[in-house]
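Reading through the structure tokens given below for one structure.
The values are calculated or read from the model by the stated rules, or taken from the named source; none is laboratory data. Since the model is a prediction, treat every value here as computed from it, not as a measurement. Neighbour counts are summed over all protein chains in view; Cβ atoms, including those assigned to glycine, are modelled from backbone coordinates with ideal geometry.
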Amino acid sequence: MSKYPIQKTEAQWKEELGESRYKILREKGTERPFTGDYNLTYEDGTYACGACKNTLFESNSKFDSGCGWPSFDQSIPGHVEYVVDKTLGMERTEILCSNCGSHLGHVFNDGPTKSGQRYCVNSLSVDFKK
């Protein structure tokens, strides 16, 4: 049994999310840089998990990192899970929604703000609400 409060079969996720979002959120895919809807969005609001609507990031933590994906310097405490990712011949920290386990992106310790962190998030993995 999964440790996440939101539990669905992969068939249910696939039907609900559609092919593009399913590939990112459930199969740990990555969208091409500079193609996501939220890369250059800087309006006031919140960013929630695209699968379960769990609020993950506040807009005041978003910054332009120049990497091509939405970037944040902090998450809402307790709403993001951190997992060691050793794919692609390197070690990174994957970030998952703590409510449903969906893949969001990765966090790096190279951010330019006071936190020193850069949460690099796929636009398809989140929904923005003003």
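Answer yes or no: is there a residue in the stretch 61-75 that is touching a Leu at 6+ places or on another chain (Cβ under 9 Å), within 19 Å of Tyr119 (Cβ to Cβ) and not in a loop (DSSP other than H, G, I, E, B). Yes: one or more hits. The set of residues from the stretch 1-25 being surrounded by 16 or more Cβ atoms within 10 Å (Cβ to Cβ) and in contact with a Gly (Cβ under 9 Å, 6 or more places away or on another chain) comprises Tyr4, Ile6, Leu17, Arg21, Tyr22, Lys23, Ile24, Leu25. Taken over the stretch 81-106, the criterion of being in contact with a Cys (Cβ under 7 Å, 6 or more places away or on another chain) and either of a type in the set (Asp, Glu) or assigned to a strand (DSSP E or B) (or both) is satisfied by Cys97, Leu104, Gly105, His106. Evaluate the stretch 76-89: report whether one residue or more is surrounded by fewer than 22 Cβ atoms within 10 Å (Cβ to Cβ), small (Gly, Ala, Ser) and free of Cβ contacts under 8 Å to residues at least 12 places away in the same chain. There is at least one residue in the stretch 76-89 that is surrounded by fewer than 22 Cβ atoms within 10 Å (Cβ to Cβ), small (Gly, Ala, Ser) and free of Cβ contacts under 8 Å to residues at least 12 places away in the same chain. Quick one: in the stretch 53-75, of everything that is buried (at least 19 other Cβ atoms within 10 Å of the Cβ) and of a type in the set (A, V, I, L, M, F, W, C), which residue is farthest from Glu15 (Cα to Cα)? Looking at the filtered set, the residue picked out is Phe72. Restricting to the stretch 81-124, count the residues that are at pLDDT below 95 and either within 12 Å of the chain's Cα centre (by Cα) or of a type in the set (A, V, I, L, M) (or both). Number satisfying all stated conditions: 2.
Among the criteria (1) under 18 Å from His106 (Cα atoms); (2) part of a loop (DSSP other than H, G, I, E, B), the one Phe57 does not fulfil is (2). For the criterion of being of a type in the set (A, V, I, L, M) and touching a residue at least 40 places away in the same chain (Cβ under 8 Å), Leu56 passes.
Determine if the stretch 27-50 includes at least one residue that is in contact (Cβ under 8 Å) with a residue 40 or more places away in the chain, in a helix (DSSP H, G or I) and within 14 Å of Gly105 (Cβ to Cβ). No, the stretch 27-50 contains no residue that is in contact (Cβ under 8 Å) with a residue 40 or more places away in the chain, in a helix (DSSP H, G or I) and within 14 Å of Gly105 (Cβ to Cβ). Every test in (1) over 22 Å from Lys3 (Cα atoms); (2) without any contact (Cβ under 8 Å) to a residue 60 or more places away in the chain is passed by Ser123 save one, and that test is (2).
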